[in-house]
1. Find out how many positive minus negative residues lie around F100, taking Lys and Arg as positive, Asp and Glu as negative, among other residues whose Cβ is under 14 Å from that of F100.
2. Separation between the S32 and H86 pseudo-spin-labels, each 7 Å from Cα along Cα→Cβ, expressed in nm?
3. For the range 45-95, what does the alpha-carbon gyration tensor say about shape, rounded, prolate or oblate, given a ≥ b ≥ c as the root eigenvalues, a/c under 1.5 as rounded, and a/b over b/c as prolate?
4. HN-Hα J couplings of the range 23-30 from phi, Karplus 6.51/-1.76/1.60, θ = phi - 60°, integer Hz, Gly and Pro as x?
5. Give the Rg/Rh ratio for the range 104-144, taking Rg as the radius of gyration of the Cα atoms and Rh as the Kirkwood radius, to two decimals.
6. I want to check the label-to-label distance for A39 and M120. Put each point 7 Å from Cα in the C-beta direction and report it in nm to one decimal.
7. Is the shape of the range 69-146 rounded, prolate or oblate, going by the alpha carbon gyration tensor and its root eigenvalues a ≥ b ≥ c, with a/c under 1.5 for rounded and a/b larger than b/c for prolate?
8. Treating only the Cβ atoms of Lys and Arg (+1) and Asp and Glu (-1) as charged, compute the dipole magnitude of the range 85-146 about its Cα centre; round to the nearest 20 debye.
Amino acid sequence: MSGTEQFVFTRDTHTITPNMTIDHVGFAVPPSRFDTIIAFYNAALTPIGYFKQHEFPGQAVGFGPSKAETPFWIAAREDANPSGFHLAFRAKDHETVQRFHEEALKAGGTCNGKPGLREMYHPNYYAAFVIDPAGNNLEVVDHLPH
């Protein structure tokens, strides 16, 4: 791309695969924010079936559907530099997207896009966006026909 084109997310450019090749992902926060961030994610990820599975008090927490499957980690580090990244989790249905949004707002997140269709990506892209207490853009999305 020359830099002048705009990438448009479509069904042709996005394939839904049942098995991801990413094993896990994580980020670090300053120790002074660690408990607040963990409490936020503990509440916000519950609707998608992610719970605290591994906990190293004051150091790191792994979230996932089971102890054997913990693909999302948060660590405490003095030199943590918030990057304002975007992370999207897949939901099983529209109701789960809505529950995520409600729980994330109750837990201290800021709305960055109410649950709804985002047809500019593709006709069945249903998502909600929340800025977490560390400033990251968290999304939960499903791709089911509406």
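1. Values: positive: R90, K92, R99, K106, K114; negative: D93, E95, E102, E103, D132, E139, D142.
Charge balance near F100 sits at -2.
2. About 3.0 nm separates the two model spin labels.
3. Numbers: a/c = 3.05, a/b = 1.37, b/c = 2.23.
It comes out oblate by the Cα gyration axes.
4. With the stated coefficients, the range 23-30 comes to 7, 7, 9, x, 8, 10, 10, x Hz.
5. Working: Rg = 10.8 Å, Rh = 10.5 Å.
Taking Rh as the inverse mean 1/r over Cα pairs, Rg/Rh reads 1.03.
6. 3.5 nm
7. Details: a/c = 2.01, a/b = 1.88, b/c = 1.07.
It is prolate, given that a/c is not under 1.5 and a/b is the larger ratio.
8. Details: 6 positive and 8 negative charges, 6 e Å.
Charge dipole, the range 85-146, about its Cα centre: 40 debye, nearest 20.
All of the numbers you see were taken from the coordinates with simple rules; none came from a lab. Predicted, not measured: the structure shown is a model, and the values here were computed from it. All Cβ positions, glycine included, derive from the backbone under ideal geometry; neighbour counts span all protein chains shown.
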